[in-house]
1. It is to be established whether one or more residues within segment A:203-211 are of a type in the set (S, T, N, Q) and touching a Ser or Thr at 6+ places or on another chain (Cβ under 8 Å).
2. With A:A496, A:A543, A:A559 as the choices, which residue is within 11 Å of chain B (Cβ to nearest Cβ), under 27 Å from the mean Cα position of the chain (by Cα) and in contact (Cβ under 8 Å) with a residue 40 or more places away in the chain?
3. Could you grab me the full set of residues in segment A:611-629 that are more than 10 Å from every other protein chain (Cβ to nearest Cβ), assigned to a loop (DSSP other than H, G, I, E, B) and not polar (S, T, N, Q)?
4. Sort out which residues of segment A:498-529 are touching a strand residue (DSSP E or B) at 6+ places or on another chain (Cβ under 7 Å) and of a type in the set (F, W, Y), and write them in order of number.
5. Given the criterion aliphatic (A, V, I, L, M), crowded, with 20+ Cβ neighbours inside 10 Å and more than 8 Å from chain B (Cβ to nearest Cβ), identify the matching residue among A:A534, A:A529.
6. Looking at this structure, is A:S600 crowded, with 24+ Cβ neighbours inside 10 Å, under 34 Å from the mean Cα position of the chain (by Cα) and among the polar types (S, T, N, Q)?
7. Output the residues belonging to segment A:384-404 that are closer than 11 Å to A:I141 by Cβ and among the charged types (D, E, K, R).
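The values are calculated or read from the model by the stated rules, or taken from the named source; none is laboratory data. Please read all numbers here as calculations on a predicted model, not as lab measurements. When we count neighbours, we look across all protein chains shown, and the Cβ atoms used for this are built from the backbone with ideal geometry, even at glycine.
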Amino acid sequence: MAASTAAATRPLRHVTSWVSTTTWGTAAWQQVLAAVITAVLFWPQSSVDAMVGLDPSWQAGLAMARIHHLAWGPELVSTYGPLGFLQNTAYYSFDQSLLATIYQLTVVATLFLGIAAALRQRHAPMTSLIGAFITTGVTAILHIGHGSTLGIMYPELVVLAAFAWAAVPLLQNDPERATVFRTCSVLGAAAGLQLLVKFNTGLTILVIALALSVLLDWRAVGRHCATVTAFAASTFVCWVLAGQGPGNLPTWLSYSASVVSSYSAAMAIPLPAVGPFAIQTVVSTVVWAGALCAMFIRGGPETPRRFVALVGLVTLITAKKEFARLSLGNFFALLAVVVVAVAITPFSRTRRRAFVLVVGAIVLFGVTSEHTYLEVHGGHDYDRTVAAVQAPGQAIDRLVTLALPGRVDQRVEQAKARQRALYAIPDRFIKTIGSGTVHIDPDEISAAWAYDLAWRPVPVFQTYQANSPTLDELNGESLAKWPQFVLSRLSPASPATGIDGRLGVQESPHYSRALLCSYTVSGIEHRWALFTHAGPHCGPLTALSQVPIHEHDVIRVPAPSRPGMAVLVGIDLQPSVLDRLFQGTVVPLTIPTVVLDGVSYRLIAANAAEPFLVNTGASVEGTNLQIHAHTIGVGSAPSLGQSDTGARLRFYEMRVAP
Amino acid sequence: MRRHPALHSAGMKRLALTAALLLVACGGATLAAVSTVPITQTRAAQPTVTQTAGNTPPPPAPKTVIDPRGAAWPIIDRDGTYLVLADILPGTYRNAGGTMCYWARLRGPDPSDILDSKKTGDPQVIGIRNSDIAFLTQNCGTWQMTSVVP
């Protein structure tokens, strides 16, 4: 029996022995070859056609920004930048698909090489490559965008790659100064490129680069400066290479910072609304944080504290994003950090066993949370495992599609035809628009792509991202000037609602007023309304009255004094300490609400002071601007006992000429 | 007995700097905002606004957009054909009935490409699935999502 067992395990021992002794994997070309193979194998959802919907539409927006040569900054603002199209998985045009393919393969390959380099500090070359292969695969699968055809979240994968590369010198006992300088500078440059792909990931990579420099020697000011200089230079060069005017860069940086800084408060999902999934994520995150603290306190030459500090930093940034808007995708991004950190952390055999057990439990716990999440939030019939299995086939399909002349164009035309059949925009609207410029309201941007319209959007082209007065005003002022037409996809609800139960007219008050006051309705058909630019036709705002209000109060909205008058209200919130702490800024436990005729809507607190429409005239009946509220109140959901929370309502009236 | 090594001051400085960098990356948001509306004309306050009650609960709501936990629930209360995953989300919806209410789950944009349909005046509970392409409703009043699972 023992002899047969020994015979059976002999080949395994041979393999183990070969893996630990072979020199294959030391040469650069061997590592690059392994990286390319890994990238192709773990490239799920790489060959898909453009779809309709909110998420595919911002991808369409990123693609069309390049097609229509729009100027980022004055003409376009988003959480993404002029290179955002690089993370698009769907085909929008040949050159973009080609560049995106190169970017996406490079991202996965760079992650693989970073993990392999970190593992190489303690393991044999072949062991490192195998470890990197498995870790990259798990990480890529965890980063598949949940529930849609968005493919992998590549910008977040770049953050992980930067983390792995930054870990390499931190794991060395005495890293060469030149190597550290080079690593920091390259990471700084990568941060600059990434800033133009997705703004917040660029900042995160810059923080990782600076943290590496500081953790190795905080007095190395020259290196810190070089890192920042590489970041700034790379940002500028990539900006110019992306075809953007140098003068627009400061504008874009300023507006993008506004988009990012207003994101948490406006997009946070209160944890009680997420149900058991929130408990799972909180427990997983706390256990992981506890494990990191234990590792930091123990310290020692084997697991340097400076490395643990970097892991903690990346964990904190990822966890903040996770809890800013708790979703499966954001939670899995944190799990991916855990996976990579555990893979590259050097342990003694006994400690590794205990640690891997803890982390294995976290990952298992996390993966099972997908079921809990889908029960509460729903989702698509989408299987991560199936996507992983299909990945190699899709990769080959994408490469073949790019290699065969005309194949990309063919798929683009097929996708456009499919989208036109779904959108079914009336022919007369399309004829009326002709070659005129058009903005798509509020977020089905794909329609402009499908119908080859001259897309001229407001700068924050999907209005749900205009979550600050600055951005809303930017949109409002732009809309008052251009384009010639606004094609509006009608909401299924009346009054119109936006994402997360927002009230359409309150989400972007300035923008909504501009649409009401600078455009007239040319037609409503097939769930579309066509607005035509008509110049300003509203009177000034006339202040009516001011009313103090507390939670649960019901205030009657003043009736218009005569036909053709619109009524608006501005809400001066007086947030309590609880509100400031728990409305998305620190821990999202509650959201502010506005209650119209007994129905609660999510209130975008930052835009609340700007008067929004609560009663519109007949000129916009049937459109997303239509609203006839009789009573109004403010509140929070869930209520944390902020009954003393007050606010002040300011009512206005405005003449609207037909 | 193993002693925990004390943190060196240099290490503390590194950590402090790292924490500062983190704050820069995370950014922040303010809750209160100042109105930017230009008031070009002011009229004396009119007694048209009355505080009807100090703590009177609102009248029963026929629909829920945000529930007491803060969760958002989609509603459909306009007639039309809606694209699943673009206009509406899959899930279970109910309505209170309506004279000659007609609804149809569609497998394509054509209203005759029907998966399931009904014409009735009774209250309805329907499941709109991920695989449905569109949903058509006529004279059905408000459809309220009650579960994300169809």
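1. For segment A:203-211, residues of a type in the set (S, T, N, Q) and touching a Ser or Thr at 6+ places or on another chain (Cβ under 8 Å): absent.
2. Result: A:A496 is the single residue among A:A496, A:A543, A:A559 that is within 11 Å of chain B (Cβ to nearest Cβ), under 27 Å from the mean Cα position of the chain (by Cα) and in contact (Cβ under 8 Å) with a residue 40 or more places away in the chain.
3. Within segment A:611-629, A:G617, A:E621, A:L625, A:I627, A:A629 meet the criteria.
4. Across segment A:498-529, the qualifying residues are A:Y519, A:W528.
5. Exactly one of A:A534, A:A529 is aliphatic (A, V, I, L, M), crowded, with 20+ Cβ neighbours inside 10 Å and more than 8 Å from chain B (Cβ to nearest Cβ), namely A:A529.
6. Considered against the rule, which asks whether it is crowded, with 24+ Cβ neighbours inside 10 Å, under 34 Å from the mean Cα position of the chain (by Cα) and among the polar types (S, T, N, Q), A:S600 comes out as yes.
7. A:R384
Here is a yes/no grid of residues against (1) within 30 Å of A:A421 (Cα to Cα); (2) basic (K, R); (3) touching a Pro at 6+ places or on another chain (Cβ under 6 Å):
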| site | (1), (2), (3) |
| --- | --- |
| A:V15 | no, no, no |
| A:V19 | no, no, no |
| A:T26 | no, no, yes |
| A:L33 | no, no, no |
| A:V40 | no, no, no |
| A:V48 | yes, no, no |
| A:V107 | no, no, no |
